[in-house]
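One structure below.
None of the figures in this text is laboratory data; all of them are computed from the coordinates on show. The shown structure was predicted, so the numbers you read here are calculated from the model rather than taken from an experiment. Note that we place each Cβ from the backbone using ideal geometry, even for glycine, and neighbour counts take in every protein chain shown.
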Amino acid sequence: MLNKTAIKGQKELRQEVIESGLCTNCGACVNLCPYQAAYQDNLIIIDPCDRQQGRCYAFCPRTFTDLASLRSLIFPNEEFTPELGPLKGFYLTRAADPEIRGQAQHGGTVTVLLSLALKERLIETAIVTQEVDTFLPMGIAVNNSLEIQKAARSKFVASPNLAAFNQLAKSPIQKIGLVTTPCQTLALAKMRAKNYESKNYHIDKLNLVIGLFCGWALSWRELKEIIKQKVGDKKIIGLDIPPSKYQSMEVHTDQGISEVPLEEVLPAVRSSCRYCLDMTAEFSDISVGSARLPEGWDVARGWNQVIVRTKKGKELLNLAKSRRLLEFREMPPGNLEKLKKASANKKRAALKNLIQKSGHPQNLVYLDGQDPILKKFRG
């Protein structure tokens, strides 16, 4: 979170975030004014803006952020795990409907929860990710379960979904739900802080955030080139990243599955992802990721790990359970600790990269070096 006197404008956003390789393409600065646009996996400055302070700077997840203040604001009564943030419950779930599971990336839990939220009028419209070109995603507004199912499957390229939220929030619609990555959940948290003087706080229309576990996103152009070299003109059905021990990316085509060694994929990771501490979308209502099971990946890929963070998230998950829309299975011993370890490793790596970028052990670039949780992982 920013002190109001520390909010700057587009010039500083360009210098501190875009030109320094920190931009996540989250879309938080798009559709607030005519000066920025999201285009083909890039943030484009259409025209320079001379405002001394702007929402584009205030809402960006890579301008200075006081995480401790945001935690207190959004989760005032919740206990925190240092690795994963607020945690009201940890579950293994999948869609009860095999058709939904078949269309989903893994267990179909996100599709079920978002569709249920629409049906119960918890939200009127949802922002999801849809491909507009080969591997190129954008945020779109949908209002029925069929459209949600069409948008299922991970895209692996950053989608500027918050640009769609900023546009939709100007409409008469009052209750909006989003599926977001960790950097997007942080941007929404900064919006909710209302730290920028404005008469129009569209963020009050935000009524549900389903966050996705995320290790990194890939450059759209580089990903296209990698896949073209590996599978040629085969029809692409989807992509997947198995657990780290497999060290590969799966390319699902109409002729089967091709594997790309992970060492050939990692150079395409966006530079900004090196500086992200959040693996599990800690500022969401519910966070969803792929499962880990003792039976192995062939079974685990059909299930989701789910973290419930808020009362609203818990009520939605319980409703899905009572309606028998989701199936639950017992969590294997040690799964929570394994997830904590993976998340902690991402935090340590990001902090190391931030210190290397700034050149000073006390300078965390966009984060408060005195944050007590960050101190834990800095050692």
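Lys341: which aspartates and glutamates have alpha carbons under 16 Å from its alpha carbon, excluding same-chain residues fewer than 8 sequence positions away?
Those aspartates and glutamates meeting the cut-off are Glu83, Asp278, Glu282.
Cut-off under 14 Å on the C-alpha distance; same-chain residues fewer than 8 positions from Lys312 excluded. Which aspartates and glutamates are left, in chain and number order?
Of all the aspartates and glutamates, those that pass the test against Lys312 - Cα under 14 Å, at least 8 places apart if same chain - are Glu78, Glu120, Asp285.
If each of Phe80 and Lys170 carries a label point 7 Å out from its Cα toward its Cβ, how far apart are those two points in nm?
3.5
Under a GNM of the chain (C-alpha, springs under 10 Å), which listed residue has the highest mean-square fluctuation: Gln103, Gln174, Gln255?
Between Gln103, Gln174, Gln255, it is Gln255 that shows the largest mean-square fluctuation.
Which of Pro48, Pro160, Pro172 moves the most in a Gaussian network model of the chain with Cα springs under 10 Å?
Comparing Pro48, Pro160, Pro172 in the GNM, the peak value goes to Pro172.
Return Thr81, Thr109 ranked ascending by Cβ neighbour count within 10 Å, so the fewest neighbours appear first.
Ordered by Cβ neighbours within 10 Å, fewest first: Thr81, Thr109.
Run the reach check for Lys8 against aspartates and glutamates, Cα to Cα strictly under 15 Å, same-chain hits fewer than 8 apart removed. What comes back?
Candidates past the 8-residue exclusion: Glu16, Asp50, Glu197.
Take Met331, Met191 and order them by how many other Cβ atoms sit within 10 Å, fewest up front.
Result, fewest neighbours first: Met331, Met191.
Determine the relative contact order of the chain: mean sequence separation of Cα pairs under 8 Å and six or more apart, normalised by residue count, in whole percent.
21
Using the crude model of +1 on Lys and Arg Cβ and -1 on Asp and Glu Cβ, and no other charge, please compute the dipole size for the chain relative to its Cα centre, in debye to 20.
Roughly 820 debye, rounded to the nearest 20.
Given 0.36 nm per residue, what is the gain on full extension from Val132 to Arg51 after removing their alpha carbon distance, in nm?
25.9 nm
With the chain treated as a Gaussian network of Cα nodes joined by springs under 10 Å, which of Phe75, Phe59, Phe156 yields the largest mean-square fluctuation?
Maximum among the listed residues: Phe75.
So which DSSP H runs in the chain come out at 24 Å plus along the axis (Cα) with average Kyte-Doolittle of at least 0.5?
Span-like helices, by this rule, are absent here.
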